[in-house]
Amino acid sequence: MALVVDLLTQGLQLILVLALAPLLTGFVRKVKARLLRRQGPSVWQPYRDLLRLARKEVVLAENASWLFRTAPYLIFAATWAAAALVPTFASGLIFSWTADLIAIIALLGSARFFLALAGMDVGTAFGGIGSSREAMIASVAEPAILMMVFTVALVAGSSQLSTVARFMGSPEVGLRVSIGLALFALFIVALAENARIPVDNPATHLELTMVHEAMVLEYSGRHLAVIEVASSLKLLLYVSLIGCIFVPWGMAASGAGIADYALGLALYLAKIVVLALGLALFESAIAKMRVFRVPQFVGAALMLGLLGTLLLFF
Amino acid sequence: MDKIVFDIAHLLAGSILLVSFMMLYQDRLSALLNLFALHAVLLALSVAWQAHVHAAPHLYVTAMIALFFKALFIPLALHRIVVRLNIHRQIETVVGVGLTMMLGMGLAALAMLLMVRITPDSDLLGREDLGFALATVMLGLLLMVTRRNAVSQVIGFMSLENGTILAATGAKGMPMVVEISVAFSILIAFIVIGVFLFRIRERFDTVDLQALDQFRGEQG
């Protein structure tokens, strides 16, 4: 019976993250527009965009290889799997034994690898610039998130997300400065990885500043739709990760009643709304950085993660 | 209960160390002064918490001294000096931020290793405070080494002194006489340095201490 419930929860989660991801993107855009006193598109706009893109025909560059055509699906699959592994509203998922933080980072890393390859595949200048910038940011962001994982894993005694969430929700976690540092590190990495404002601007096609948009510039039609969903999923994944590690309250344990699941779901939505509001506020308040300052900004996350690990031994 | 006492002390001391790192990172002078004020406020809080835990009322005086002198008086005075010297725009570092941070990490790790080795059987609270204090002192020294600007060297010196206060409170406080005389010597040092700043500036038209290296005495 427990197995069936876990399987159902996992399936529900798999669908939930996919269905929610564009909504989150639309919501952040809407809040940002309202903060600038613009009306902004409806929160459902990303769904309409995706539908439209999916119906359009694909235009391929003449020298695009098979990699260019398969990369979107690989990126989408890796990101979706990673997003489905992070416990959102319930911790009893059937694959929770694989939901290891390091595995999730590896999945995201391989998605990024394929995206960077696809950016270089056609051989345009923009794709190359985007890929090399992405690699530059990733070379600092990945050690930073790994240090943050080490901090959390040392505190919780495991790098498995459901165990971490259970430990963080219990009173024995206490008041630790390391966890605060890890939270800040994760915030910075999430901004950098999702191409949000101080690092990259998700709403522009200005040549000099773009990173993510430069890599996907050659894509069109359903390929572009799949990549857009993947980047929405990535944002949702980071939001869920922050919720799961640092505010795991209200998550339904395995074998809980139906009311607990409903409560967990409502609280999860509330967490997403709060974090999305925070993200929109932060993005509206800050200016974009020069590309060459980005390693310093992300390096601060690396330092915070390192310091967090170090302080655990004091 | 005992755990939360330790956790709060750890949190405050850890925040002091974090602010030390932020001072290493910060390359604007007025922001650096604000960070220094924050450093002193955290020190005052940490000392007050120790006073509460050890039921040692004289430590409250230490906290008050830290709060009024270091968090209010000295930063405000330095702000005025910086504005009058017209150098509140920026400062330069000798080595890059990344390298400085790595050095700082290394020093903090060194302080930690040292403290874990030499105090295996003292009480947890004091031990942890000593470790943080040593790391703060090291980072203050590093700040003095990596900066060329005289004002940021002064800040490095003061943050180093904050570290020694933290160490002293970890060892259940020092005698009141020592306490007050240290506070006053810091104040005197501050005044002397303040006078020197203007003298250096008058002589060399800069507060970059690099200029002192080439100085070969008065000619004729």
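The values are calculated or read from the model by the stated rules, or taken from the named source; none is laboratory data. Fair warning: this is a prediction, and the values are worked out from it, not measured in the lab. For neighbour counting, all protein chains shown are included, and Cβ atoms are generated from backbone atoms with ideal geometry for every residue, glycine included.
Table for the structure above
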read-out: Of all residues in the range A:1-34 being over 23 Å from the mean Cα position of the chain (by Cα) and assigned to a helix (DSSP H, G or I), the one that is modelled with the highest pLDDT; value: A:Arg34
read-out: Candidate set from the range A:279-314 (those that are more than 18 Å from the chain's Cα centre (by Cα) and of a type in the set (Val, Ile, Thr)); member that is nearest to the other protein chains (Cβ to nearest Cβ); value: A:Thr309
read-out: Any hit, the range A:162-169, residues being in a helix (DSSP H, G or I), over 27 Å from A:Ala280 (Cα atoms) and of a type in the set (A, V, I, L, M, F, W, C); value: yes
read-out: Boolean, A:Val177 is closer than 16 Å to A:Ile242 by Cβ and either within 13 Å of chain B (Cβ to nearest Cβ) or touching a residue at least 40 places away in the same chain (Cβ under 8 Å) (or both); value: no
read-out: Members of the range A:142-156 that are within 14 Å of chain B (Cβ to nearest Cβ), closer than 28 Å to A:Gly92 by Cβ and buried (at least 22 other Cβ atoms within 10 Å of the Cβ); value: A:Thr151
read-out: Test: residue in the range B:79-87 that is among the basic types (Lys, Arg), out of contact with any Lys or Arg (no Cβ under 9 Å at 6 or more places or on another chain) and either more than 14 Å from chain A (Cβ to nearest Cβ) or not in a helix (DSSP H, G or I) (or both); value: yes
read-out: Residue match in the range B:29-50 (condition: of a type outside the set (A, V, I, L, M, F, W, C), within 11 Å of chain A (Cβ to nearest Cβ), surrounded by fewer than 17 Cβ atoms within 10 Å (Cβ to Cβ) and part of a helix (DSSP H, G or I)); value: no
read-out: Yes/no for B:Phe73 being within 14 Å of B:Gly170 (Cβ to Cβ) and either surrounded by fewer than 18 Cβ atoms within 10 Å (Cβ to Cβ) or within 14 Å of chain A (Cβ to nearest Cβ) (or both); value: no
read-out: Boolean, A:Ser232 is closer than 27 Å to A:Ala111 by Cα and part of a helix (DSSP H, G or I); value: yes
read-out: Residue within the range B:150-168 that is modelled with pLDDT of 85 or more and more than 23 Å from B:Leu187 (Cβ to Cβ) present; value: no
read-out: Failed item in (1) in a loop (DSSP other than H, G, I, E, B); (2) within 21 Å of A:Leu146 (Cα to Cα), with A:Leu217 passing the rest; value: (2)
read-out: Test for B:Ala189: is it within 14 Å of chain A (Cβ to nearest Cβ) and assigned to a helix (DSSP H, G or I); value: no
read-out: Per-region count, the range A:105-149, residues in contact (Cβ under 8 Å) with a residue 60 or more places away in the chain, part of a helix (DSSP H, G or I) and of a type outside the set (D, E, K, R); value: 21
read-out: Restricting the range B:20-63 to residues that are without any contact (Cβ under 8 Å) to a residue 12 or more places away in the chain and among the aliphatic types (A, V, I, L, M), the residue that is farthest from B:His10 (Cα to Cα); value: B:Ala31
read-out: Set A:Ser178, A:Ser159, A:Ser139: member being of a type in the set (S, T, N, Q) and buried (at least 20 other Cβ atoms within 10 Å of the Cβ); value: A:Ser178
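Let's see how each residue does on (1) under 16 Å from A:Ala153 (Cα atoms); (2) at pLDDT 85 or above:
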site	(1), (2)
A:Gly174	yes, no
A:Gly180	yes, yes
A:Ala190	no, yes
A:Ala195	no, yes
A:Glu218	no, yes
A:Arg222	no, yes
A:Ala225	no, yes
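This table checks each residue for (1) farther than 30 Å from A:Ala71 by Cβ; (2) in contact (Cβ under 8 Å) with a residue 24 or more places away in the chain; (3) buried (at least 22 other Cβ atoms within 10 Å of the Cβ).
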position	(1), (2), (3)
A:Gly221	no, yes, no
A:Ile227	no, yes, yes
A:Ala230	no, yes, yes
A:Leu237	no, yes, yes
A:Phe246	yes, yes, no
A:Met251	yes, yes, yes
A:Ala259	yes, no, no
A:Leu263	yes, no, no
A:Ala266	yes, no, no
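Residue by residue, here is whether (1) more than 10 Å from chain A (Cβ to nearest Cβ); (2) within 14 Å of the chain's Cα centre (by Cα); (3) modelled with pLDDT under 85 holds:
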site	(1), (2), (3)
B:Ala111	no, no, no
B:Ile118	yes, no, yes
B:Asp123	yes, no, yes
B:Glu128	no, no, yes
B:Ala135	no, yes, no
B:Gly140	yes, yes, no
B:Val145	yes, yes, no
